[in-house]
1. List every residue pair whose Cβ atoms sit under 9 Å apart, with the two residues 6 or more apart in sequence or on different chains, where the first one lies in segment 381-393 and is under 8 Å from C301 (Cβ atoms) and the second, anywhere, is part of a strand (DSSP E or B) and among the acidic types (D, E).
2. Restricting the search to segment 386-413, which residues are at negative phi and surrounded by fewer than 18 Cβ atoms within 10 Å (Cβ to Cβ)?
3. If you go through segment 32-50 one residue at a time, do you hit one that is without any contact (Cβ under 8 Å) to a residue 40 or more places away in the chain, over 25 Å from G327 (Cβ atoms) and outside the structural domain of I269 (by TED's automatic domain parsing)?
4. Looking at segment 346-355, is at least one residue touching a Ser or Thr at 6+ places or on another chain (Cβ under 7 Å) and touching a residue at least 40 places away in the same chain (Cβ under 8 Å)?
5. Answer with yes or no whether H209 is in the same structural domain as D136 (by TED's automatic domain parsing) and either modelled with pLDDT of 95 or more or in contact with a Leu (Cβ under 8 Å, 6 or more places away or on another chain) (or both).
6. Considering segment 217-251 alone, what residues qualify as being touching a Pro at 6+ places or on another chain (Cβ under 8 Å) and either on the phi > 0 side of the Ramachandran plot or part of a strand (DSSP E or B) (or both)?
7. Filter segment 36-52 down to the residues that are surrounded by fewer than 19 Cβ atoms within 10 Å (Cβ to Cβ) and not basic (K, R), then identify the one that is nearest to Q425 (Cα to Cα).
8. Please count how many residues of segment 196-217 are within 16 Å of the ligand (Cβ to nearest atom) and buried (at least 18 other Cβ atoms within 10 Å of the Cβ).
Amino acid sequence: MSFINQNIKPLNTKRNQKGNLEISGCDIVDLANKYKTPLYVIDEVTLKTMALDYKKAFKRYEKANIIFASKALMTASIAKILANLDFGFDVVSMGEIYTLLYAGVDLSKTSFNGNNKSKEEIEFAIENNIGHFSADNFLELEYINEIAFQKNKIQKIHLRITPGIECHTHDYIKTGQIDSKFGFDLKTIDKAVDLIINKYKNLNLTGLHAHIGSQIFETKVYFDLVEVLVKETKRIKDKFNINLNEINLGGGLGITYTNEDNPPSVFEIADVIIDSIEINTKKYNIEKPSIYIEPGRSLVCSSGFSLYTIGSTKVIEGVRKYVAIDGGMADNPRPSMYQAKYSAEIANKKEENKPETVTVAGKFCESGDILIKDISLNNPKQGDILCVYDTGAYCYSMASNYNRVLKPAMALINNGKSDIIVKRQTLEELTQNDVVLDRLK
Ligand SMILES: *Cc1c(COP(=O)(O)O)cnc(C)c1O
């Protein structure tokens with residue numbers, strides 16, 4: 001049996017009687033015609049099933065809090081769907097906090113992360129009753145304490161640490177190693193604890209936080225991470241006589257983008273984490289802490305896909321055939337940024353089965369704007385609808401207006417129904433902040 005993060009496609013993906021791709025009861029060609037391409041689509045059924053799988057997987061550990069790493073996909077409706085399932089949020093900017101407030105989500109279960117939070121952001125978060133901060137550095141401790149003091153609050157914080165754990169993933173998405181821009185290393189953490197206890201009276205330190213990277217396929221790194229955090233908790237307890245009763249293990253569970261990927265399921269990860277807590281709290285003789293888990297990619301990625309229309313093609317005899325689409329690196333920068341791979345298929349009916357190996361090129365003015373290199377597609381032709389899977393995470397949230405192309409719309413589908421949850425940008429919106437100086441007229 002495979003679980004959602006182990007599947008390339010959303011639940012209930014098939015060919016319908018017309019021969020078109022159908023996902024969650026929606027004909028994909030109809031969707032593309034109705035909302036135009038490029039289009040981001042999220043299947044609510046797959047998203048909710050994955051969210052509930054996360055809850056089930058950690059159910060046997062009473063003190064588990066699952067918070068969504070918003071940076072993977074933050075829109076008001078997505079926030080509301082997850083908040084309705086009792087999820088908290090991990091945020092990294094005022095914009096993400098503002099979106100939660102805009103969606104009507106209260107911030108009590110929100111954790112504020114990031115390695116360079118501004119005073120303005122910290123103030124905004126505290127004013128809006130953020131649950132806690134994952135404090136990343138000395139400057140931030142000073143800021144949070146000062147602002148909490150001004151507002152007459154005691155602010156709960158965790159300390160983000162770099163645990164010195166290396167995982168095997170792309171360099172740009174590794175964060176647990178010692179040479180990282182994030183968090184306190186194990187040598188400076190005592191100084192931070194000392195300051196909090198003796199100087200920063202408006203901070204309430206309740207736990208340690210670490211996030212070791214993204215698109216992780218190994219379970220052992222999570223076992224080891226729990227040990228590092230439990231061991232540090234015990235050491236700090238003995239040295240400073242303070243009980244930290246929370247640990248935050250970050251996110252990072254991988255998903256299946258192509259058949260080459262083989263991630264563990266969320267149930268396997270949960271078992272490793274919970275077992276490691278049982279074993280290591282005994283080994284280091286501390287009480288079992290509350291835990292936080294912060295999935296981003298694995299929670300939302302497989303429920304999302306992108307639709308494009310194929311335009312021009314270029315054949316270089318004996319080299320390759322390029323098939324160009326009406327989107328690319330501005331709506332999905334991952335392939336050009338870190339050689340990310342994707343699976344895709346033609347959504348409309350094809351009379352015959354004529355698989356052809358082609359390279360899917362974006363429309364942006366960079367040679368590196370290649371969405372998928374060497375993929376087998378069924379006789380791709382101008383006007384065909386291309387469905388690219390697993391674009392739920394880190395696509396919309398990383399999208400840009402490069403080449404002044406409009407950001408696509410996002411549709412939410414659910415058992416045959418579809419709604420727009422993010423409207424397509426307009427040309428007016430694109431230029432509304434541009435100022436044409438009088439003296440240039
Ligand atoms: C990015 C990030 C996450 C989520 O990572 P995924 O790989 O998307 O699960 C969780 N916690 C922190 C602190 C992060 O920076």
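The values are calculated or read from the model by the stated rules, or taken from the named source; none is laboratory data. Remember, it's a predicted structure, so these values are computed and weren't measured experimentally. Glycine also receives a Cβ, built like all others from the backbone with ideal geometry; neighbour counts cover every protein chain displayed.
1. Hits for this filter: G392/D43.
2. Of everything in segment 386-413, those that are at negative phi and surrounded by fewer than 18 Cβ atoms within 10 Å (Cβ to Cβ) turn out to be S397, M398, S400, N401, Y402, L406.
3. Within segment 32-50, one or more residues are without any contact (Cβ under 8 Å) to a residue 40 or more places away in the chain, over 25 Å from G327 (Cβ atoms) and outside the structural domain of I269 (by TED's automatic domain parsing).
4. Among the residues of segment 346-355, not one is touching a Ser or Thr at 6+ places or on another chain (Cβ under 7 Å) and touching a residue at least 40 places away in the same chain (Cβ under 8 Å), which makes the answer no.
5. yes
6. If the condition is that a residue be touching a Pro at 6+ places or on another chain (Cβ under 8 Å) and either on the phi > 0 side of the Ramachandran plot or part of a strand (DSSP E or B) (or both), then E246, I247 are the ones that fit.
7. Restricting to residues being surrounded by fewer than 19 Cβ atoms within 10 Å (Cβ to Cβ) and not basic (K, R), the top hit is V45.
8. Residues in segment 196-217 being within 16 Å of the ligand (Cβ to nearest atom) and buried (at least 18 other Cβ atoms within 10 Å of the Cβ): 10 in total.
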